[in-house]
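Undergrad: Dumping the structure here so I can ask a few things about it.
The values are calculated or read from the model by the stated rules, or taken from the named source; none is laboratory data. Everything quoted here is computed from the prediction, not taken from an experiment. Note that we place each Cβ from the backbone using ideal geometry, even for glycine, and neighbour counts take in every protein chain shown.
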Amino acid sequence: MRILISASAACLLTLSCGPAKTTTQPASGDIVVKTGSTSITYSDPAKHYDSIQIKYAAYLHTTPEQVRNIRLYRFIDHWMATPYKWGGTDKNGIDCSAFLERLYSEVYQLEIPRTSVQQFFDQWIDRFGSSQYLSEGDLVFFQTIGDNAVSHVGLYLDNRMFVNSSSSKGVSIACLDDPYWKSRFVAAGRIKRAALVSKQN
């Protein structure tokens with residue numbers, strides 16, 4: 001059984017997590033799911049998938065059974081398209097690091113620092129440079145503003161896709177292989193196992 005679900009990419013040039021000039025130019029990074037031609041094969045046609053699995057399989061260009069963390073994707077769905085606001089922390093507007101702070105707190109019950117720089121240098125993060133070792137839940141850091149070591153952060157999902165709050169599209173899903181993000185990728189970060197134990201107790 002095959003079901004067609006569309007995923008078309010509309011790239012917007014994204015400057016984020018700091019005061020930056022807005023752009024109306026379509027360019028890099030963000031995708032929008034629309035009706036079209038991307039096909040998703042269900043390996044188990046008899047299985048009933050959650051609507052969240054079906055929806056986000058289209059965003060991630062994968063199969064619904066690969067979308068396992070329903071809690072994570074419900075959180076993302078609740079925040080999707082929330083506008084970007086530098087320093088914002090709620091549904092009226094949120095910046096990249098506040099979005100990640102809320103996501104980690106509500107989905108993983110972990111407290112992480114407020115800013116992308118603090119998140120990058122947090123002692124509970126293991127940093128690594130290669131994006132080929134990424135797993136769901138890893139932080140991905142970018143340099144998008146001037147000489148700042150880190151000025152933007154997102155959360156890796158699957159299949160080279162990550163969720164972030166960008167200044168052009170707000171909370172949205174983007175691809176690490178988009179030229180804009182690829183040229184600005186700094187490193188990834190993974191919460192250490194010791195942190196999972198100590199912060200949950």
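Undergrad: Here is a list: 107, 117, 150. Which entry is touching a helix residue (DSSP H, G or I) at 6+ places or on another chain (Cβ under 8 Å), closer than 23 Å to residue 90 by Cβ, of a type outside the set (Ser, Thr, Tyr) and without any contact (Cβ under 8 Å) to a residue 60 or more places away in the chain?
TA: Being touching a helix residue (DSSP H, G or I) at 6+ places or on another chain (Cβ under 8 Å), closer than 23 Å to residue 90 by Cβ, of a type outside the set (Ser, Thr, Tyr) and without any contact (Cβ under 8 Å) to a residue 60 or more places away in the chain holds for just one of 107, 117, 150, which is 107.
Undergrad: Same structure, new question: Read through the list (1) exposed (fewer than 15 other Cβ atoms within 10 Å of the Cβ); (2) not in a helix (DSSP H, G or I), then give the number of the only condition that residue 132 fails.
TA: Exception for residue 132: condition (2).
Undergrad: Go through segment 95-129 and give me each residue that's among the aliphatic types (A, V, I, L, M) and either part of a loop (DSSP other than H, G, I, E, B) or under 24 Å from residue 160 (Cβ atoms) (or both).
TA: Start the filter on segment 95-129 by keeping residues that are among the aliphatic types (A, V, I, L, M), which leaves 98, 100, 103, 107, 110, 112, 117, 125.
Once the filter is applied, which keeps residues that are among the aliphatic types (A, V, I, L, M) and either part of a loop (DSSP other than H, G, I, E, B) or under 24 Å from residue 160 (Cβ atoms) (or both), segment 95-129 yields 100, 103, 107, 110, 112, 125.
Undergrad: Among the residues of segment 135-153 satisfying the criterion of being surrounded by fewer than 19 Cβ atoms within 10 Å (Cβ to Cβ) and modelled with pLDDT of 95 or more, which is farthest from the chain's Cα centre (by Cα)?
TA: Selected residue: 143.
Undergrad: May I ask you to verify whether residue 173 is within 10 Å of the chain's Cα centre (by Cα) and part of a strand (DSSP E or B)?
TA: Judged against the criteria, residue 173 is a match.
Undergrad: Go through the residues of segment 166-173 one by one and say whether even a single one is under 17 Å from residue 60 (Cα atoms), aliphatic (A, V, I, L, M) and buried (at least 22 other Cβ atoms within 10 Å of the Cβ). Show your work before the answer.
TA: The initial filter retains those residues of segment 166-173 that are under 17 Å from residue 60 (Cα atoms), namely 171-173.
Restricting the remaining residues to those that are aliphatic (A, V, I, L, M) gives 171, 173.
Subset that is buried (at least 22 other Cβ atoms within 10 Å of the Cβ): 171, 173.
Looking through segment 166-173, at least one residue is under 17 Å from residue 60 (Cα atoms), aliphatic (A, V, I, L, M) and buried (at least 22 other Cβ atoms within 10 Å of the Cβ).
Undergrad: Take segment 176-201 and flag every residue that is at pLDDT 95 or above, part of a helix (DSSP H, G or I) and touching a Phe, Trp or Tyr at 6+ places or on another chain (Cβ under 8 Å).
TA: Matches in segment 176-201: 181, 184.
Undergrad: Can you tell me how many residues within segment 54-76 are more than 15 Å from residue 156 (Cα to Cα) and buried (at least 16 other Cβ atoms within 10 Å of the Cβ)?
TA: Of the residues in that region, 5 qualify.
Undergrad: Among the residues of segment 110-134, which ones are among the polar types (S, T, N, Q) and at pLDDT 95 or above?
TA: Kept after step one, since they are among the polar types (S, T, N, Q), are these residues of segment 110-134: 115-116, 118-119, 123, 130-132.
Selection gives 115, 116, 118, 119.
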